[in-house]
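Student: Before I ask anything, here is the structure I am working with.
The values are calculated or read from the model by the stated rules, or taken from the named source; none is laboratory data. Just so it is clear, the model here is predicted, and its values are computed rather than measured. For neighbour counting, all protein chains shown are included, and Cβ atoms are generated from backbone atoms with ideal geometry for every residue, glycine included. Please note that ligands, DNA and RNA were not included when accessible areas were found on the heavy atoms of the full protein model with its side chains. Shrake-Rupley method; radii C 1.70, N 1.55, O 1.52, S 1.80 Å.
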Amino acid sequence: LQRVGASVDFVGPRRDPHAIAPWSATYADPDFDQDHAATWGDSFVDPLHDRHALMATYRPDVVVLELGANDIGWFRQGVADSLARARAWITSAQATSPDTDFVLVEIPWPGHPKAVEYNALLPGLADELSTPDSRLVVAATDPDYALGRAGDESSEGTGATFDHIHPNSQGQQMIGAAVADGLSLLGVGTPYPRPLAVVPQG
């Protein structure tokens with residue numbers, strides 16, 4: 001976003017990243033706007049943020065919404081229930097801030113039947129809830145996104161994750177690129193350049 005001169009101001013109550021051993025809670029490159037509302041373990045069914053307070057306090061022009069993996073995986077919710085909660089989350093946010101756009105991030109969990117089904121339904125949800133003042137687009141999972149080794153959280157893993165689900169540095173880049181593509185559809189920045197670079201882990 002900086003490189004293409006996009007005028008953005010990230011908002012939210014946090015600035016730090018979540019850390020898991022053996023990595024520290026520091027950014028590899030701290031030279032960027034760090035405000036955010038991302039929280040490890042968040043979900044639709046057991047939210048860790050008051051979305052009304054977030055929307056009313058920060059009045060975002062765009063919300064990047066990446067939830068659902070914990071609902072389907074940890075809380076073992078069904079696809080229909082998860083989609084209904086996503087719909088409720090978005091319509092509630094729109095009621096508080098009716099001119100906010102949304103980037104709906106697919107659950108990056110290739111091969112998981114519920115995640116695959118949920119992702120397939122997101123474009124329909126985006127069409128259903130879009131209004132002239134509140135547009136919704138979908139950030140699609142990179143087709144090369146592949147899961148790494150399961151059950152070894154201390155390893156860098158292979159592919160896009162360092163364990164059975166959590167993205168490593170390559171996976172984070174893939175998700176970020178998809179979000180940049182989605183933002184570009186809303187007139188913020190440009191699509192992320194391809195092919196993606198191979199980035200160091202950690």
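Student: When 1/r is averaged over all different Cα pairs and the result inverted, which Kirkwood radius in Å belongs to segment 37-87?
Tutor: Roughly 11.7 Å, rounded to one decimal.
Student: Another question, then. What is the sum of charges around LEU136, taking Lys and Arg as +1, Asp and Glu as -1, for the other residues whose C-beta is under 10 Å from the C-beta of LEU136?
Tutor: Here the count lands on -2.
Student: So what is log10(I(q)/I(0)) for segment 46-202 at q = 0.10, 0.14 1/Å, when the Debye sum runs over its Cα atoms only?
Tutor: Log10 of I(q)/I(0), two decimals: -0.38, -0.74.
Student: Let me know the whole percent of all Cα-Cα pairs from segment 24-115 that are separated by more than 17 Å.
Tutor: 54
Student: Just to verify a number: FRET efficiency for ALA6 and ALA53, C-beta to C-beta distance, R0 = 25 Å, to 0.05?
Tutor: According to the calculation, E is roughly 0.40.
Student: Give the residues of segment 108-130 whose amide nitrogen is closer than 17 Å to a point set 7 Å from the Cα of ASP99 in the direction of its Cβ.
Tutor: Backbone N within reach: none found.
Student: Still on this structure, I have one more. Any idea how far apart SER92 and GLN34 come out in nm if each label point goes 7 Å out from Cα toward Cβ?
Tutor: Those two pseudo-labels are separated by 2.9 nm.
Student: Turning to a different aspect of this structure: Put a dot 7 Å past each Cα toward the Cβ at HIS164 and ASP144; how far apart are the dots in nm?
Tutor: A separation of 2.7 nm, rounded to one decimal place.
Student: Suppose the chain between ASP46 and THR26 were pulled fully straight at 0.36 nm per residue; how much longer would it get relative to their current alpha carbon spacing?
Tutor: 4.5 nm
Student: Given a 1.4 angstrom probe, what's the average accessible area per residue across the chain, in square angstrom?
Tutor: Counting only protein heavy atoms, the per-residue value for the chain is 54 Å².
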